[in-house]
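Here's the structure, in structure tokens; my notes come after.
The values are calculated or read from the model by the stated rules, or taken from the named source; none is laboratory data. None of the values given here were measured: they were computed from a predicted structure. Cβ placement follows ideal geometry from the backbone for every residue including glycine, while neighbour counts extend to all protein chains displayed.
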Number of protein chains: 2
Amino acid sequence: MNGAEALLRSLVASGVTTCFANPGTSEMQFVAALDRVPEMRSVLALFEGVATGAADGYGRITGRPATTLLHLGPGLGNGLANLHNARRARTPLVNVVGDHATYHQRFDSPLQSDLWGIAHTVSAWQRSTPRVEDVGADAADAVAASLGPPGRIATLIVPADVTWNEGGEVAAPRQRAPLPLVPPTLVEHTAALLRGRGAAGLVIGGPAMGERGLLAAARVAAATGTKLLCETFPAVHARGAGLPEVEKIAYYGEMCTLQLAGLSHLVLAGARAPVSFFAYPDKPSDPVPPGCAVVELAGAGLDVVAALEALADALGAPAIAGRRHRGRAGRPERPSGRLTPESMALAVGHLLPEGAIVVDESITSGLSVPGTTAGGPRHEWLALAGGSIGQGLPVATGAAVAAPGRRVLSLEADGSAMYTIQSLWTQAREGLDVTTVVLVNRSYAILQLELARVGASGTGEGASAMLDLGHPPLDFVEIARGMGVPSDRATSADELADLLEKSFSEDGPALIEAVFG
Amino acid sequence: MNGAEALLRSLVASGVTTCFANPGTSEMQFVAALDRVPEMRSVLALFEGVATGAADGYGRITGRPATTLLHLGPGLGNGLANLHNARRARTPLVNVVGDHATYHQRFDSPLQSDLWGIAHTVSAWQRSTPRVEDVGADAADAVAASLGPPGRIATLIVPADVTWNEGGEVAAPRQRAPLPLVPPTLVEHTAALLRGRGAAGLVIGGPAMGERGLLAAARVAAATGTKLLCETFPAVHARGAGLPEVEKIAYYGEMCTLQLAGLSHLVLAGARAPVSFFAYPDKPSDPVPPGCAVVELAGAGLDVVAALEALADALGAPAIAGRRHRGRAGRPERPSGRLTPESMALAVGHLLPEGAIVVDESITSGLSVPGTTAGGPRHEWLALAGGSIGQGLPVATGAAVAAPGRRVLSLEADGSAMYTIQSLWTQAREGLDVTTVVLVNRSYAILQLELARVGASGTGEGASAMLDLGHPPLDFVEIARGMGVPSDRATSADELADLLEKSFSEDGPALIEAVFG
């Protein structure tokens, strides 16, 4: 068996059955081996950032890594921004990156680059495999490393001769240790803090954003009056249908300072301490009030959910029934009239299908959607965990591959959509159930806010032009058709609702360009 | 003056007057300062790979660096592949990358990444500027570093607070030393080799691919019977109208071995020793025959052209008049009938405008175009210097910004086009004179060849699917219209010639989808 086949079979043996690929010459043996290993589903991307973002979406939904297949240093480079996002989302993800043959690297041929260095900037684990006998074992190690806990990026660099040499061996999956528990003494200590004097806050994130974590956190909050907050951009957030709504840590530091005002303790469960996303002149980077003690109950590598449940039990907090949740019952009415960010949000809230996956890269245009969907059916919400725009369409693609039968709603700002627009072709090719709504304001609207916040004086033509996407206007209907995705334009709330309804009732992808009036 | 303005004014003072920008929050002060420094032309890109590739195209044409403006580590990551290409092309290029404020970095907010490490993988020079007083001087140093010689990537990392703090100082341009000359003794030594026994080869590249270098090299070859070759993917190659044609080093090692067979010496002038682009089982990585001595006359950091002229003089080689060049006189006839790679090449050869810039990312489909254009009017040819596809459309964009009044012909393979397709929007926005011809074979055709060359056995459905771009077919006419570029489809040689003629006679960009029949 050659190295490529041993690599593929070892990945499959370790539970990795999906590959998001943009291969080149050095990965051709891997591609050829796909025919001999049908258990691996390989999904072609036209650009590496689509592949890495899709692997992020897949890993978020399944909790298991997909693998990417990337071509040398430049290919990994093209995938780097979405690997950054995956790293921040703590997504398990395995990169397989082809390299020049071991004996070829000394010649520094044109595509040679600092592949190891590029991988190092984003990988928690990385290895290069110079011997074919090791490639199966290295693949199994990569999968184990990616699973953490918490999930992380593992990058396996495979020279071309290792893929074509004979002598590959399939490796068994690595044993996984159970998720480490938080020590009972720490749970007791935290319970004592929350029972004691002074207002406390509880910030949840990561695995605590699922149903069990949310319910346990809500019990803690209800029993003690603790202020419940969650991270700003959760990787996967279970929402709707009786789940408690949780206030998000504000994006801007000074608003977060208001959220935290008066707290004497802040308990973290699966979340990091709040921090302003960016710095601004004369505004705080660290919004935690002076004198507020930050206590970590459970880091993301521990059993965060069990810790929250143990904390609730230690506090004697009663179970919470659906009707006691703060979630609003029911959906909003179907909107009509002008298409605005608000009526768009009502249309989404009115129609969101049961079990949907919402991928949110709507930036400024989507701020009302959480409010209109909280009372609707159960769904999962995937946010821009690492802040690097261009993840929405790829994450939606990977989530749809991971969850056949569920509708993915990709809420996408027009500026952000253009970073990885090639995702649409993969959605068409694979017939994925993704509804993309591109929210058109013809600008980098967030930067218009940011320009003022960094203290830039009244802007003239040159600066404004750098934030303007209207000259020429992008026509997403044509772009989508060019990539094989059926598309249409909505210029009223009624049209948007009609088009959403149509897409939700049909198989396969669709794109709706929502032009605000 | 704040740091952003000092930075901008220092770049302008050092001769950098074009910025290819994809900014974010940390670059907003730079954007605001554009209004106060009108000497800097800022060109917006929708994706960072467009910005870096455009800076490569600009630098190749002008010999001076453009600056990019990129957002943090992920933004630089998105630009990495085309920076790799620019590094291989030895293009002078300055990256300005915004970073979090100096005091904010310790909080590891979501967009924090290993920016320094990412920059390190591709930059010959890099610096981070923590004090506003230094930012002007650092900008001047960055420009000087980028100019080499040879040209290289210089990356200046500027924290946000440095851009908004007052106290910036405009720096004067750094003095440049004259281009170092090759020692006369080395020229004499080389002349003696070429006069002596044994067949010799001369491989030229880099600056030797301009008119003076080509003529000097041709004199050397004509006077001594030396076999004249050039690098496979020159950054800028002057061609047409009486310039000597030069045989390119073959892409595949075994073909290069045939080119070099029987040579006892190989002299390098601005080029590196030949090497196979990739390794393949049982094929040579190093095509230089055993016993063939490789002698470097002039590395890319020296005055390569002067060295070649000195060598020609030392050999007493007579000047070469136009008619003695090997270039074919005249253009081919206008083709008719089926559209094939060959008739496409004839149409281009028939119509290529005087002074055109040809950006070649045509991969397998464009192999005949060099032959049909060699006898036509003078033009410059920009090749895929680093081998990372996705550079063609951005390089064409930057070349057009650099050379107003000249027509840029961007020959682009369909697979490669999709990596940085966002370039089209910038071409439309800036009204650039770029004619893009997308060559549609609906596959990664090069990889079909490579699959066989790496020894992969007969391929089945899984492997074939990874090289197939036809399901669904990409419609570049719609994609281009969606980004504001007029576009049309050619399905015969006649239609292609008509559309080329039309585009060459009009201002602004156009895209032609050439579908081979």
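Points worth noting:
- Of everything listed in (1) within 12 Å of chain B (Cβ to nearest Cβ); (2) at negative phi, the single unmet condition for A:GLY390 is (2).
- Residues being in contact with a helix residue (DSSP H, G or I) (Cβ under 8 Å, 6 or more places away or on another chain) and either on the phi > 0 side of the Ramachandran plot or part of a loop (DSSP other than H, G, I, E, B) (or both) - total across segment A:482-507: 4
- Hits in segment B:297-316 (condition: within 26 Å of the chain's Cα centre (by Cα) and either more than 12 Å from B:PRO183 (Cβ to Cβ) or part of a helix (DSSP H, G or I) (or both)): B:GLY299, B:ALA300, B:GLY301, B:VAL304, B:VAL305, B:ALA306, B:ALA307, B:LEU308, B:GLU309
- Only one entry in B:GLY301, B:GLY253 is in contact (Cβ under 8 Å) with a residue 60 or more places away in the chain and either out of contact with any strand residue (DSSP E or B) (no Cβ under 8 Å at 6 or more places or on another chain) or outside the structural domain of B:LEU214 (by TED's automatic domain parsing) (or both), namely B:GLY301.
Yes or no, residue by residue, for (1) within 13 Å of chain B (Cβ to nearest Cβ); (2) crowded, with 24+ Cβ neighbours inside 10 Å; (3) under 11 Å from the mean Cα position of the chain (by Cα); (4) of a type in the set (S, T, N, Q):
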| residue | (1), (2), (3), (4) |
| --- | --- |
| A:LEU367 | no, no, no, no |
| A:GLY375 | no, no, no, no |
| A:HIS379 | no, no, no, no |
| A:GLY398 | no, yes, yes, no |
| A:ALA403 | no, no, no, no |
| A:GLU412 | no, yes, no, no |
| A:ALA417 | yes, yes, no, no |
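- Residues that are within 14 Å of another protein chain (Cβ to nearest Cβ) and either of a type in the set (Ser, Thr, Tyr) or farther than 25 Å from B:THR224 by Cα (or both) occur in segment B:286-298; there is at least one.
- Checking A:ALA119, A:ALA81, A:ALA101, A:ALA66 one by one, the residue that is within 10 Å of chain B (Cβ to nearest Cβ) and more than 25 Å from B:GLY49 (Cα to Cα) is A:ALA101 and no other.
- Residue within segment A:171-185 that is more than 33 Å from the chain's Cα centre (by Cα) and surrounded by 14 or more Cβ atoms within 10 Å (Cβ to Cβ) present: no
Let's see how each residue does on (1) buried (at least 19 other Cβ atoms within 10 Å of the Cβ); (2) more than 19 Å from the chain's Cα centre (by Cα); (3) of a type outside the set (Phe, Trp, Tyr):
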position: B:ALA235; (1), (2), (3): yes, no, yes
position: B:ARG239; (1), (2), (3): yes, no, yes
position: B:GLY242; (1), (2), (3): no, yes, yes
position: B:GLY253; (1), (2), (3): yes, yes, yes
position: B:LEU258; (1), (2), (3): no, yes, yes
position: B:ALA261; (1), (2), (3): no, yes, yes
position: B:ALA273; (1), (2), (3): no, yes, yes
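- Test result for B:THR491, crowded, with 24+ Cβ neighbours inside 10 Å, in contact with a strand residue (DSSP E or B) (Cβ under 7 Å, 6 or more places away or on another chain) and among the hydroxyl-bearing types (Ser, Thr, Tyr): no
- Residue match in segment B:224-232 (condition: outside any helix (DSSP H, G or I) and either in contact with a Cys (Cβ under 8 Å, 6 or more places away or on another chain) or of a type in the set (Phe, Trp, Tyr) (or both)): no
- Scanning segment B:448-469 for residues that are touching a residue at least 40 places away in the same chain (Cβ under 8 Å) and at the interface with chain A (Cβ under 7 Å from one of its Cβ atoms) yields B:GLU450, B:VAL454, B:GLY455.
For every residue, the table says whether it meets (1) more than 20 Å from A:ALA119 (Cβ to Cβ); (2) touching a strand residue (DSSP E or B) at 6+ places or on another chain (Cβ under 6 Å); (3) at pLDDT 95 or above; (4) of a type in the set (Gly, Ala, Ser).
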{"site": "B:PHE47", "(1), (2), (3), (4)": "yes, no, yes, no"}
{"site": "B:ASP56", "(1), (2), (3), (4)": "yes, no, yes, no"}
{"site": "B:LEU72", "(1), (2), (3), (4)": "no, no, yes, no"}
{"site": "B:GLY75", "(1), (2), (3), (4)": "no, no, yes, yes"}
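- The residues of segment A:470-495 that are more than 7 Å from chain B (Cβ to nearest Cβ) and either without any contact (Cβ under 8 Å) to a residue 24 or more places away in the chain or among the polar types (S, T, N, Q) (or both), listed by number, are A:SER487, A:THR491, A:SER492.
- Matching residues in segment A:110-127 - criterion: being surrounded by fewer than 19 Cβ atoms within 10 Å (Cβ to Cβ) and of a type in the set (Gly, Ala, Ser): A:GLY117, A:ALA124
- Among the residues listed as A:PRO159, A:PRO130, A:PRO150, A:PRO173, the single one being modelled with pLDDT of 95 or more and outside the structural domain of A:LEU83 (by TED's automatic domain parsing): A:PRO173
- Checked against the criterion of being outside the structural domain of B:ARG272 (by TED's automatic domain parsing), among the hydroxyl-bearing types (Ser, Thr, Tyr) and out of contact with any Gly (no Cβ under 6 Å at 6 or more places or on another chain), segment B:76-98 contains not a single residue that satisfies it.
- The set of residues from segment B:209-233 being surrounded by fewer than 19 Cβ atoms within 10 Å (Cβ to Cβ) and without any contact (Cβ under 8 Å) to a residue 60 or more places away in the chain comprises B:GLU211, B:GLY225, B:LYS227.
- Segment A:15-35 - residue that is assigned to a loop (DSSP other than H, G, I, E, B) and of a type outside the set (Gly, Ala, Ser) and, of those, farthest from the other protein chains (Cβ to nearest Cβ): A:VAL16
Table: residues versus (1) of a type in the set (S, T, N, Q); (2) part of a loop (DSSP other than H, G, I, E, B); (3) more than 21 Å from A:ALA32 (Cβ to Cβ); (4) touching a residue at least 60 places away in the same chain (Cβ under 8 Å).
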site: A:ALA137; (1), (2), (3), (4): no, no, yes, yes
site: A:PRO149; (1), (2), (3), (4): no, yes, yes, yes
site: A:ASP161; (1), (2), (3), (4): no, no, no, yes
site: A:ALA177; (1), (2), (3), (4): no, yes, yes, no
site: A:PRO180; (1), (2), (3), (4): no, yes, yes, yes
site: A:LEU186; (1), (2), (3), (4): no, no, yes, yes
site: A:GLY201; (1), (2), (3), (4): no, no, yes, yes
